[in-house]
Structure formats: structure tokens, C-alpha cells
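Worksheet for the structure shown next.
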Amino acid sequence: VAARAGGSVFFLTDYGLTDEFAGVMRAVVLRHAPGVSIIDLTHGVPPFDVRAGALALARAVPHLGPGVVLAVVDPGVGTQRRAMALSVARARDSGGPHHFVGPDNGLLPWAVDALGGVEDAVALPWSSTFSTAVTGATFDGRDVFAPAAARLCLGAPLADLGEDFDPGTMVRLAAPVCSPSAGALEAEVLWVDRFGNVQLAAVPDDATAARLGSELEVLTAVVHRAQRVRSFGALAPGALGVVVDANGHLALVCDRQSAATVLRVQPGDVVTLRAPAPGSSSP
Amino acid sequence: VAARAGGSVFFLTDYGLTDEFAGVMRAVVLRHAPGVSIIDLTHGVPPFDVRAGALALARAVPHLGPGVVLAVVDPGVGTQRRAMALSVARARDSGGPHHFVGPDNGLLPWAVDALGGVEDAVALPWSSTFSTAVTGATFDGRDVFAPAAARLCLGAPLADLGEDFDPGTMVRLAAPVCSPSAGALEAEVLWVDRFGNVQLAAVPDDATAARLGSELEVLTAVVHRAQRVRSFGALAPGALGVVVDANGHLALVCDRQSAATVLRVQPGDVVTLRAPAPGSSSP
Amino acid sequence: VAARAGGSVFFLTDYGLTDEFAGVMRAVVLRHAPGVSIIDLTHGVPPFDVRAGALALARAVPHLGPGVVLAVVDPGVGTQRRAMALSVARARDSGGPHHFVGPDNGLLPWAVDALGGVEDAVALPWSSTFSTAVTGATFDGRDVFAPAAARLCLGAPLADLGEDFDPGTMVRLAAPVCSPSAGALEAEVLWVDRFGNVQLAAVPDDATAARLGSELEVLTAVVHRAQRVRSFGALAPGALGVVVDANGHLALVCDRQSAATVLRVQPGDVVTLRAPAPGSSSP
């Protein structure tokens, strides 16, 4: 595998910004690769929530330029879980990231798939020779992942970082629930954003497959009435809408208030969209 | 209009840092303008609070170097509100930002005024040819504003980005309340900062116009006694003070505790400062 | 003192990220030193908590490359406390930061000591000639500290920034409590991180000095049973463990839940570790 150096480090964790964890990792990347640009995607993934991290990463990667994705949501740190670095099969075509670094727990595969899949995979060694480690390292982000990402930015061949393994053995998360049937669409809540919008696993084709029109019911614990709209502004105050969001997903929204609060849903809940029952009143 | 390229992108939104919104916009700027410096001013503007964003931007811009201000607090996203890019009239003199990019909803004008006013204004087109858009774009920050800011950093002439319009037609917010009269000064709360300091719309000349001395009362729901002081340290524990803050505004403060909590005020409340009533006791 | 220019600005404050304080300081650094890399260590130090800031800085500095540490946790801003810049005695050997800038209130010395101690110290003047100050400056971070850090990055000699003073007169914080005795180890809680792990002032040698084995009791208000383990994964659900953390400290942890919540402790509390009482049952 030839080295494809350069670009930025795209950085995502569940570390938050209150402690200095993310800051120290930024400094370690820059110490090993002076002058590289570090782009924080987010450090606000809920603690230990690998699924939420994997979804955020998959949403983000189509918009990234060339570089290395460094992602750490790692409840298994300090156990026997594999630390890994991956090269991307179609990196030259996409103009996007050429490598990924992170734990082998399902965090990375969806995002890599979105860019064309894995080319090669290596397992990173436990104790890094290029670490600045002190005793008692439970901080693999600082001591293993950040130096590996920096080396890939500098053009090190992937094979220099660890032992090859079969990408087919990577841990993968269960696919989100999305079942269209005649007149109903059952779909997992993927994401509740800062504004309270509720992203579903469904895309517009799923609504078509379920033969849904522009008037909808939303079933959670209770039934909500909704409308297919093009933008938030088309909704009356308090009205529930279904839009196509910026990732091409269906999303439940209200205008300037939180649809998640109105619906009392959170990521992982399953939502069913269906045509209104005959005789039910318009919203 | 000649291109004035270079400098940094100064970035302010109400997106927060928990979702990847701001991170993806950073990546999009860097993809279109590799090597540019991106300075996060803040992403902590309260959701949809255009007024709070406009005030934060106006406080920040006198301290910025050359570059492009990219500001997005945009409750009207997806509606017919105008997306715009502006050039600054006296950019060469100020050494500060030369362009602004954001929605036409009142967010930008106060900050541009602080730098000398608008030179030229263009409306950005709805769907950007330089976008990496997928279907269903409700994310103008990523697909419209970030690429426009990147192009201006690279030296594109403003006229290349969209159709000219008359800057006199820009949406402007109502001016903050600030009414000095003999012995009293009524002033809107502009900002409660992390430390609980309460910034008012008044400046020291307003206190002079109201003939206020160094002993003051502060009227909200109840009357508070305050002192004009030069620094927090001059206040006794629990005492309320009036200082000139780092933006040249009057601010109500306590030493190492939150004046906003003591006063039970928030931005938008109106506060009156007046000389103590005769016979009232000293603090 | 010869100038040792270059490197990054490593930036730590208690300003949070909701207001634009940290963003404006970043812009001021870049305005004075175009092209410099600014690494945010954290801005999440609790407001006014100099001790928490000093501890975060001391944990971070061993991992930083060359540059200037800019740290502001400054409850005494606007009073007569000294503003200072320091050079590091063994900067050439460490490959780490060569200068520190911040208030003289105990925030910096532990971190500087971790790099070999102070070489020279100067007091920064009250009003900076290179400031963009408006009237009423209570924002020394923007007007004094950020420009000073930028000048040091550009290679200005330390002596150009202010008057020399004896580093022995710097304010120093009280050392954390850590008292091993036969069978017990009393240690201050230094840090509760995002994941709820409770870092103690003790290191493994202190546990050895206290003749502690692998079964422990943890005394706060009540007695908790704990185990010495190598990683979180070795703990049963709900079990309390003692690990060596990534800074070489003993830390109280649970697997995927907050040890701080279980123990009801916060920084500054004192925790005693001791061997289990004879006859007490295993966990």
C-alpha cells in the first residue's frame, strides 16, 4: 500500500470539552505532525455511546476533505478490544479522508462504508514506541490513537503501524430498524439534535414504499398527526412536520420548538409513520 | 469591487458543540480553502436567539484581524429569508474583517456598523453550485454559507457570489432600550455572562447624562443598592457594583458570585439605575 | 535571555465556550501572530477554580510540544494581583513549552515545575501598548495575556515584556493532602472527570508505603469496598476499583458508571484507602 500523506485530522470523541482530554490529544497530534490542521467534528457524543458516535461520523464524512479520521468512543479501553487503523478503498476518487483510526467496536465501519469501504486494516500494538506514556496508561486516545493518526498524516504506510487483519472480522453494530409496509413505516430514531429535531432511519424511498402521502400519523406511545413539508416555516405553531433533512433522511420537526420533547422520544426508540385513520380530523 | 483575499474565518453559530454541525462546517470551509485558519468565536449562542448572536458578534469584531466573519443563527432556514454576503466599507483602515456571510435577519448589521458599515451586499443563490449537497438540504450553514465564506477567503470578488442588493433593505433589529433622565437611567440587560455579570445597554456617558453618582439603586422587581467601582475586588462579599466592562458598557457585578442570580435578571429585562432615595441607608 | 520563538499556543481558561471570551482571545493571538497554531487544552475549568486549573495544566504539560502556555483562571482580575510571563528552565531538553503566561495566583507553578521549573519571570505591565483596548478593561485575557503570548511566539525576548522579578515570590497553592500510614492512605480527591472517575493525590508508591494489598476499603462518609485492578473491564457491574490512571495516579473507578456519584465525592474531599477490617466479607 502506497502512502497517501497530507490533509487534516478530523477528530471525534465522547470526551466532552470540560476536561483536558481532547486538548491533550490535539497537542499530541501536533507534536508528532507539526503544522497539520485539526478539525474537531464533535466531542459531545454521549459518554460510551458507540452507536451515536458511529451515526455522527457517518453523517459527517461525505463532507470532509482529504486526511485522517481520528475517532474515539471506547467503553472497552484497557480491555482486549482491538485498536485499529484502516485505509479507504476509493479515497482517490472521493477527495475525502484516506485513513481512519479508532477502536474496533463498531464506531468506524458505517463511515468507512459511506466512502467506499475498507481497503486494508491493521491492528495497532498495545504500547506504542512513539508514545509519551507515563505509567498506568488507560488513555489510549493520547498514547495509541493520536500518534497513529499523526503518522498517517505524515505519510507513513499503513503496514508500518501494525499487523494486517481481515476487515471482515471487524465488529459491526446492528443495522437501524426501518420497515416499510403497506400504509405504515416503522423507523428507529437515530438522532435528536440540539434543536430537538428527531432524525429517523428512514429515507424518502421508505415513505414511498409504505405508500405514505402528505398527511401522516406518528405513533410513539400516543398518535401524533404530521404533515410532509419542505421547510420548518411551513408549519403552524406547535404543528408536527416530516421533512427531508440535510442528510437525506426523514426527520420529525416542529418550527422553533423541539419535536423530540413534543414526541417524548430519544435515539433508539422506534417510530411508525402511517397514513391517517379514515375519519380522523385534519391537523 | 476588487477582491481582498486572505485572513481567517471567524465563526459564530447557535449550533452548540454537542452535535457535529459546527465541525462539518469547519471541514467544508477547509475543503474549499485548504490552509485557512478557522477561529471559533462561539457556538454557544442560545438556539434561535438572533439578538444574542448579534450582540456577541458586535462585541467581538473590534478585536478581530483580517478575514471573513461566518455567522449563522438562522431560525428562518428553509424559508424565503435572504442569505447574504457583505463587504466592509473601511476594511483597509481597520485591519479587521473584510467580509461577512450569514442570514439577512438582523444578525450581522450591528457588527458591520462597528467596523464602518456595509460597502456592497449580494444575495447568495438558493442552491450552491459548489455545494456537496445531498437531497433535502435544510443545512444552509454547510451548503451555502460555509462555501461562500471559503470563496471570499480565496479572493473571489463579492459580485461573483450572487446578485447585488441595496444594503438599506437589510433586516435590522430594534435598538436596545437605554433612556437616561434626571436621576435615573433605564437600560436593557444585553448579556449575562458565564460569571453572572449583567451587561447593560448603557455606557458611562449615559450615567453622566442621568447625573448618577457613585451610590446607586438598581430597580428590577425590587430595589438593590449598588456602588460605582473600578474592579470586582473593591466590593464587599455580596455587595452589588457597577463597573465599566471590557466593551465600555456599564455592567452590574458582584465579586466572585453571579450578579444575575442576585438580581434575578436575564437578557431583555430592563433595569433602571438611579440615585439613592434621600434618607436611605448606605450599603 | 535569548529568544526561543515558534511553536503553538496552548490555551486553558475557565471561560467556558458559551460566551465569546475564548474566541476573541484566539482572534487576538492570531492578529498579533498570524499563522500560529492555537491548541485549546480546555475552557471548562470551573469558574474561579484556580486549583482545578492548575491540576489540569500540570496533567497536560508533559504531552505538549514546543510553544507558549496561555492560562487564565483569574478571580483577582482587576485587582493588584501580578500578571506574569515565565520562561522554562529546561525547555530545550524537554521539547515542550518554552514559556508560560498567566496570573500570579498559583495557576502556573505546578505545571512549570513538571517541566523543570522557572528560568526567568517578568511582571506584565497593567496597560499594554499593543492592546486593542477600549475603555474599562476588566478583560486582561484579551488585553494583556493574549498579546503577551503572541509576542513570545514571535520570538520576543522575555525581558521585553515587563520587569524581572524573583520567581521565589510567586504565589503557590497548598500541596494536595496525601498521607500514607501503616494500613491506611489518606488522599485528596484531585479530579472528577466526565466519566466520573475520581483521581486521587496518591501514586502507587503511596499505596505501597501504606502496605495496601489488592483488597481495599474506601472511607468517605461511609466505607466502600474496592479492588486493585488493571482496567475497568475487570470490575463486576457496580463494583468499585482502584486503577493506575493515565497520569500515574491512583484513581477510583467503576466500569461504565460514575465512581464519583457512587462515592458522593468531589475535588477537595479527602479519601482514605486502607486494608479491609479483619472478618469483613469479600466484595
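Some notes on this structure:
- Test set (1) modelled with pLDDT under 95; (2) buried (at least 19 other Cβ atoms within 10 Å of the Cβ) - B:VAL61 fails condition number: (1)
- Residues that are aromatic (Phe, Trp, Tyr) and crowded, with 16+ Cβ neighbours inside 10 Å, drawn from the stretch B:154-207: B:TRP191, B:PHE195
- Options B:VAL29, B:VAL68, B:VAL36; residue that is closer than 30 Å to B:VAL189 by Cα and either of a type in the set (A, V, I, L, M) or without any contact (Cβ under 8 Å) to a residue 12 or more places away in the chain (or both): B:VAL68
- Members of the stretch C:213-223 that are touching a residue at least 12 places away in the same chain (Cβ under 8 Å) and either surrounded by fewer than 21 Cβ atoms within 10 Å (Cβ to Cβ) or part of a helix (DSSP H, G or I) (or both): C:GLY213, C:SER214, C:GLU215, C:GLU217, C:LEU219, C:THR220, C:ALA221
- Filter pass, B:VAL144 being more than 18 Å from the chain's Cα centre (by Cα) and β-branched (Val, Ile, Thr): yes
- Looking only at the stretch A:128-183, residues that are aromatic (Phe, Trp, Tyr) and at pLDDT 95 or above come to 2 in all.
- Some residue of the stretch B:12-23 being in contact (Cβ under 8 Å) with a residue 40 or more places away in the chain, within 24 Å of B:VAL122 (Cβ to Cβ) and touching a strand residue (DSSP E or B) at 6+ places or on another chain (Cβ under 6 Å): yes
- For the residues A:VAL29, A:VAL24, A:VAL45, the requirement of being within 14 Å of chain C (Cβ to nearest Cβ), out of contact with any Lys or Arg (no Cβ under 9 Å at 6 or more places or on another chain), outside any loop (DSSP other than H, G, I, E, B) and crowded, with 24+ Cβ neighbours inside 10 Å singles out A:VAL29.
- Number of residues in the stretch A:173-207 that are within 14 Å of another protein chain (Cβ to nearest Cβ) and in contact (Cβ under 8 Å) with a residue 12 or more places away in the chain equals 14.
- Looking across the stretch C:71-81, just one residue is part of a loop (DSSP other than H, G, I, E, B) and at pLDDT 95 or above, and that is C:VAL73.
- Checking each residue in the stretch C:48-70 for being out of contact with any Cys (no Cβ under 9 Å at 6 or more places or on another chain), within 11 Å of chain A (Cβ to nearest Cβ) and outside any loop (DSSP other than H, G, I, E, B) picks out C:ALA52, C:GLY53, C:LEU55, C:ALA56, C:LEU57, C:ALA58, C:ARG59, C:ALA60, C:VAL61, C:PRO62, C:HIS63, C:VAL69.
- Restricting the stretch C:209-267 to residues that are among the β-branched types (Val, Ile, Thr) and within 13 Å of C:ASP193 (Cα to Cα), the residue that is modelled with the lowest pLDDT: C:VAL265
- Residue in the stretch A:93-110 that is assigned to a loop (DSSP other than H, G, I, E, B), out of contact with any Pro (no Cβ under 9 Å at 6 or more places or on another chain) and under 26 Å from C:ILE39 (Cα atoms) present: yes
- Residue in the stretch C:82-92 that is within 14 Å of chain B (Cβ to nearest Cβ) and either outside any helix (DSSP H, G or I) or touching a residue at least 40 places away in the same chain (Cβ under 8 Å) (or both) present: yes
- Count of residues meeting criterion [farther than 15 Å from A:THR261 by Cα and of a type in the set (Gly, Ala, Ser)] in the stretch A:227-249: 6
- Odd one out for B:LEU57, checked against (1) free of Cβ contacts under 8 Å to residues at least 60 places away in the same chain; (2) over 29 Å from B:THR169 (Cβ atoms): (2)
- In the set A:ALA251, A:ALA246, A:ALA259, A:ALA210, only one residue is crowded, with 17+ Cβ neighbours inside 10 Å, touching a residue at least 60 places away in the same chain (Cβ under 8 Å) and within 14 Å of another protein chain (Cβ to nearest Cβ); that residue is A:ALA259.
- Test result for C:PHE11, within 14 Å of chain B (Cβ to nearest Cβ) and touching a His at 6+ places or on another chain (Cβ under 9 Å): yes
- Hey, B:ALA202 modelled with pLDDT under 85 and over 30 Å from B:PRO147 (Cα atoms) or not: no
The values are calculated or read from the model by the stated rules, or taken from the named source; none is laboratory data. In this text, all values refer to a predicted model and were calculated from it rather than measured experimentally. Because the Cβ atoms are built from the backbone with ideal geometry, glycine has one as well, and the counts that use them run over all protein chains shown.
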